[in-house]
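Structure first, then comments.
The values are calculated or read from the model by the stated rules, or taken from the named source; none is laboratory data. As the structure is a computational prediction, the values presented were derived from the model and not from experiment. Please note: Cβ atoms are built from the backbone with ideal geometry, for glycine as well, and neighbour counts cover all protein chains shown. Just so you know, the surface numbers come from the protein's heavy atoms only, side chains and all, with ligands and any DNA or RNA stripped out. Shrake-Rupley method; radii C 1.70, N 1.55, O 1.52, S 1.80 Å.
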Amino acid sequence: MSSALRSASPDLARLPQDLVGRYLAFPRRNEFLPVELQDGRLQVWLLTPRARPLADFLAWELGLTVQTELVRNELFFPALEQALTLWEPDAAADEAGEDAAEPGGEDFGRELLGWSHEDAPIVRLVNRVLHQAVSQGASDIHFEGRESGFQVRFRVDGELRTERRLDLAVQPTVLARIKVMGQMDVAESRAPQDGRFQVRVGRKDVDVRVSTMPTLNGEKAVLRILDRSKNILPLSDLGLEPEAVAVITRMIAAPHGIILVTGPTGSGKTTTLYAALRELIRESRNIMTVEDPVEYHLPGVNQVQVNRAAGVTFATAIRGFLRQDPDIILVGEIRDQETASTAVQASLTGHLVLATLHTNDAPTAVTRLLEMGVEPFLLASSLHLVIGQRLVRLTCSSCSPPSSPQSQSADLGCEVCRNSGYRGRQGIFELMPVGEALRSLVVQKASVEQLRAHLAETGFQTMHDHGLRLVAQGKTTMEELLRVTSL
């Protein structure tokens, strides 16, 4: 028996169903785990040496030879949880109080409070929800109480949809499990809490940010899923038109100044910033970022996570960066006067600053920064480009297209898009380069209406204009475009 510790995670989805079924029938399956079958030889991980006879018996039942490996807890238990998430039948979730549950769910909910076994139904339920959310490409999971029950909703392609309805009796236990995973105070249910954990789902490494909030219907938890295995897309793959890519490429080549990406939460601003940053990485450059949270890990870039408890804010990080000889600084979000002023000062002292700002469109970014207290002449000197953006859902390519794309609605659908009529999203953009005429208006503290009037005279293309071209191409619908641009 080998005592080596493997570093690679097994591909548990490849094991045959007959093997999985036999394994799940073992009462002590938390002590051993089949991880690989190749050429009649079964590889089994053991938590303790005493589990060797179990592995031998499983292999004997299936007519296989067996090779066992003793592994440590930190490798065994994540693999075990992944296995139970993948292999347990959906009926196991029904036991935890779903719609199909038998009457008397309240007794079951109380019974769960006494479980301490790693294979408890609530553990399986939460793991399965995480696996399904990642598999469907969800960005957020909402666990929330309602008068009619406890429900789970996924945000997929920007839209929330109900995935499961559970018995209210399991709400406290599910929230307790989530708090344990997020290293939060399980006993505290009257105040909001934040936490985080990392998990491997299949072959994906996922960061999960947890937020809990007391409501009239019990505690609610929202889990934000950050897939660390995602590739950073090039600018040309974001949905930008070739002319827009050329403008951005030219602007980010400047040695100093500020480039802003604006839009509401969840509009893809960080993705656009990283696509731009991807073009700038060089051995000869010192690139530093401050983010909350760090969503992508970039080789060759110095990334800093905001930590207010330790005094690391956006503004203090930028000031620290200036003593680190940076060439390029990325600021995850400008949300206050101190951060705005510090970013402007950094750009005026010879650094290229990329940042996001929450505004509805590109022209409003100017007035927002002025309202934050940035001096007009400093903003006019430092601001080079503002990108406004939204994400629109794309029509499902598996559904039968209507005769006219303008008339298509989400009433159409198929199994691939879960009857929504849409699958995937793409950005719609507006680019506002800051030239001399616009700088003059900034110095004069022009209103947003005056800025828009000036831009209209120059042929400025809005996000709505970009969206109309996608509608004409049949890539999205007018209903979807109006939904995102009328906010």
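List of remarks:
- For the range 1-59, the tally of residues that are charged (D, E, K, R), under 34 Å from the mean Cα position of the chain (by Cα) and modelled with pLDDT of 90 or more stands at 1.
- Identity of the residue in the range 459-471, out of contact with any Ser or Thr (no Cβ under 9 Å at 6 or more places or on another chain) and at pLDDT 95 or above, that ends up farthest from GLY427 (Cα to Cα): PHE460
- GLY63 vs. criteria at positive phi and open to solvent by 50 Å² or more (accessible area, probe 1.4 Å): yes
- Sole residue being under 18 Å from PRO433 (Cα atoms) and out of contact with any Leu (no Cβ under 8 Å at 6 or more places or on another chain), chosen from GLY300, GLY263: GLY263
- Count - residues of the range 348-392 that are open to solvent by less than 10 Å² (accessible area, probe 1.4 Å) and basic (Lys, Arg): 0
- All strands (runs of 3 or more DSSP E) inside the range 125-230 with 1 or more residues being open to solvent by 50 Å² or more (accessible area, probe 1.4 Å) and hydroxyl-bearing (Ser, Thr, Tyr): 159-166, 204-215
- Some residue of the range 236-251 being modelled with pLDDT of 95 or more, under 22 Å from SER382 (Cα atoms) and not hydrophobic (A, V, I, L, M, F, W, C): yes
- In the set (1) surrounded by fewer than 18 Cβ atoms within 10 Å (Cβ to Cβ); (2) in contact with a helix residue (DSSP H, G or I) (Cβ under 6 Å, 6 or more places away or on another chain); (3) not basic (Lys, Arg), VAL247 fails one condition alone, (2).
- Scan the range 426-446 for residues that are under 13 Å from PRO376 (Cβ atoms), open to solvent by 40 Å² or more (accessible area, probe 1.4 Å) and not β-branched (Val, Ile, Thr) and the total you get is 4.
- Scan of the range 273-297 for residues that are among the polar types (S, T, N, Q) and out of contact with any Leu (no Cβ under 6 Å at 6 or more places or on another chain), ordered by number: SER284, ASN286
- Among (1) farther than 11 Å from ARG390 by Cβ; (2) buried (at least 19 other Cβ atoms within 10 Å of the Cβ) - the single one THR485 does not satisfy: (1)
- Odd one out for GLN461, checked against (1) of a type in the set (S, T, N, Q); (2) under 17 Å from THR367 (Cβ atoms); (3) not in a helix (DSSP H, G or I): (2)
- In the range 250-265, the residue that is most open to solvent (accessible area, probe 1.4 Å) out of those that are within 17 Å of LEU357 (Cβ to Cβ) and part of a loop (DSSP other than H, G, I, E, B) is THR265.
- Residue list for the range 430-445, restricted to those being free of Cβ contacts under 8 Å to residues at least 24 places away in the same chain and either small (Gly, Ala, Ser) or in contact with a strand residue (DSSP E or B) (Cβ under 6 Å, 6 or more places away or on another chain) (or both): GLY435, ALA437
- Within the span defined as the range 416-425, one or more residues are within 22 Å of the chain's Cα centre (by Cα), of a type in the set (Val, Ile, Thr) and either assigned to a loop (DSSP other than H, G, I, E, B) or at pLDDT 95 or above (or both).
- Filtering ALA176, ALA169 for residues that are touching an Asp or Glu at 6+ places or on another chain (Cβ under 7 Å), of a type in the set (A, V, I, L, M) and modelled with pLDDT under 90 leaves a single hit, ALA169.
- Test: residue in the range 317-328 that is farther than 25 Å from GLY182 by Cβ, β-branched (Val, Ile, Thr) and in contact (Cβ under 8 Å) with a residue 60 or more places away in the chain: no
- When the range 44-60 is filtered for residues that are surrounded by 18 or more Cβ atoms within 10 Å (Cβ to Cβ) and of a type outside the set (Phe, Trp, Tyr), the ones remaining, listed by number, are VAL44, LEU46, LEU47, ALA51, LEU54, ALA55, LEU58, ALA59.
- The strands (runs of 3 or more DSSP E) found wholly in the range 317-400 include none carrying at least 1 residues that are modelled with pLDDT of 95 or more and among the aromatic types (Phe, Trp, Tyr).
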